[in-house]
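Undergrad: After the structure tokens below, expect a handful of questions from me.
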Amino acid sequence: MKNKLPLATAVITAALLSTAHAADKLDASCASCHALTKPTDTSIERIINRKGPDLWYAGSKFNADWLMAWLQDPKPIRPAGYPYFKVIKEGPEHDVPDASKITAHPKLAKAAAESATAALMALKTPDLVPAGAFKGDAAGARMGALAFTKLRGCITCHQGEDGKGGFSGPELTNAGARLQPDFIAAYTADPQRFDPHIWMPTLTLKDQDIQRLTAYLSVQGRGDKK
């Protein structure tokens with residue numbers, strides 16, 4: 001029993017060192033917009049001033065095939081850029097994104113995209129995204145669609161299946177191609193664990209709701225969607 005604590009400490013230390021080593025393999029310019037290691041600063045000021053979303057858990061978030069393709073030909077994920085409140089302007093009926101303030105993500109050549117993808121996919125956080133967070137039951141997708149569009153208010157901030165919805169959050173029209181189901185479930189359950197002070201609230205959803213939403217989102221943008 002007395003040996004378990006040193007062993008656990010060694011495992012955690014090894015994981016942290018592995019993550020740091022993977023981050024070191026990325027181009028230094030990535031770190032100018034994204035946190036590649038877990039930030040020690042969890043203040044609201046950091047959220048407001050960062051230029052792009054954190055990537056220190058990228059390997060537990062993205063699907064590798066999507067990531068490599070996107071890095072070679074990046075398309076906007078957030079209709080209002082990042083962060084949205086620095087990009088919107090007043091429109092005739094409601095606020096709209098100001099395209100002149102949205103910075104395009106640089107394109108990478110294939111070899112650079114492959115290298116970056118490998119390094120990013122090594123940034124895993126099993127403590128945040130436990131394996132099996134999504135239980136894999138696709139039968140709840142229909143109720144998940146109803147929850148997304150009507151019951152839980154997701155469409156207020158996110159664009160869904162038909163491209164309708166808000167723009168303060170990333171669009172989710174291709175969530176199944178882009179995101180791992182376990183990440184969708186874990187982030188939906190408690191986004192503040194990933195991003196303290198982020199504008200997406202923790203809704204204290206029942207696990208059944210989380211599973212249904214994940215089932216719905218995990219088929220968006222996938223060729224095998226039914």
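The values are calculated or read from the model by the stated rules, or taken from the named source; none is laboratory data. Please read these numbers as outputs of a predicted model, since none were measured by experiment. Note that each Cβ is placed from the backbone with ideal geometry, even for glycine, and that neighbours are counted across all protein chains shown. Remember, those area values only see protein heavy atoms, side chains included, never the ligands or the DNA or RNA. Shrake-Rupley method; radii C 1.70, N 1.55, O 1.52, S 1.80 Å.
Undergrad: Quick one: length gained pulling L146 to C33 fully straight, 0.36 nm per residue minus the C-alpha distance? Before the final figure, lay out each step's value.
TA: Numbers: separation 113, 0.36 × 113 = 40.68 nm, distance 3.52 nm.
Extending this stretch completely gives an extra 37.2 nm.
Undergrad: Tell me the accessible surface of K110 in square angstrom (1.4 angstrom probe, heavy atoms of protein chains only), to the nearest ten.
TA: We get 130 Å² for K110.
Undergrad: Calculate how large, on average over all directions, the projected area of the Cα convex hull of segment 138-217 is; give the answer in nm² to one decimal. Could the numbers behind the result be given before it?
TA: Working: hull surface 19.1 nm².
Taking the Cα atoms of segment 138-217, their convex hull projects to 4.8 nm² on average.
Undergrad: Further question: How much area per residue is accessible in the chain when the probe is 1.4 Å and only protein heavy atoms are counted (Å²)? Don't skip to the end; give the middle numbers.
TA: On the way: 13010 Å² over 226 residues.
Per residue, the chain has 58 Å² of solvent-accessible surface.
Undergrad: Let's see if you can work this out: charge +1 on each Lys and Arg Cβ, -1 on each Asp and Glu Cβ, no other charges. What is the dipole magnitude of the chain about its Cα centre, in debye to the nearest 20? List each step's numbers first, then the result.
TA: Details: 28 positive and 23 negative charges, 66 e Å.
So the magnitude is around 320 debye.
Undergrad: With the full set of protein chains in place, find how many percent of the accessible area of segment 138-217 is carbon and sulfur; take the probe as 1.4 Å.
TA: 56
Undergrad: Let me have the 222 nm mean residue ellipticity of the chain computed from DSSP H runs of 4+ only, each contributing -39500 (n - 2.57), with the sum over all residues rounded to the nearest 500.
TA: Working: 9 runs with 82 residues, N = 226.
That comes out to -10500 deg cm²/dmol.
Undergrad: Would you mind counting up the charge near L205? Only other residues with Cβ under 10 Å from its Cβ, with Lys and Arg at +1 and Asp and Glu at -1. Spell out each step's value before the answer.
TA: Working: positive: R152, K206, R212; negative: D190, D207, D209.
Surrounding charge for L205 is 0.
Undergrad: Treating each Cα of the chain as an identical point scatterer and ignoring solvent, apply the Debye formula and state log10 I(q)/I(0) at q = 0.14, 0.17 Å⁻¹.
TA: Debye intensities relative to I(0), on a log10 scale: -0.97, -1.42.
Undergrad: Also: Could you tell me what percent of the accessible area of segment 12-121 is made up of carbon and sulfur, with a 1.4 Å probe and every protein chain present? Show your work: numbers first, answer last.
TA: On the way: 3860 of 6500 Å².
Answer for segment 12-121 is 59 percent, counting heavy atoms of protein chains only.
Undergrad: In segment 78-98, whose amide N lies under 19 Å from the spot 7 Å out along Cα-to-Cβ of H197? List them in ranges.
TA: 82-87
Undergrad: Please list L203, L172 in order of solvent-accessible area, largest first, computed with a 1.4 Å probe with all protein chains present. Mind showing how you got there, number by number?
TA: On the way: L203 80, L172 20 Å².
Per-residue accessible area, sorted high to low, gives L203, L172.
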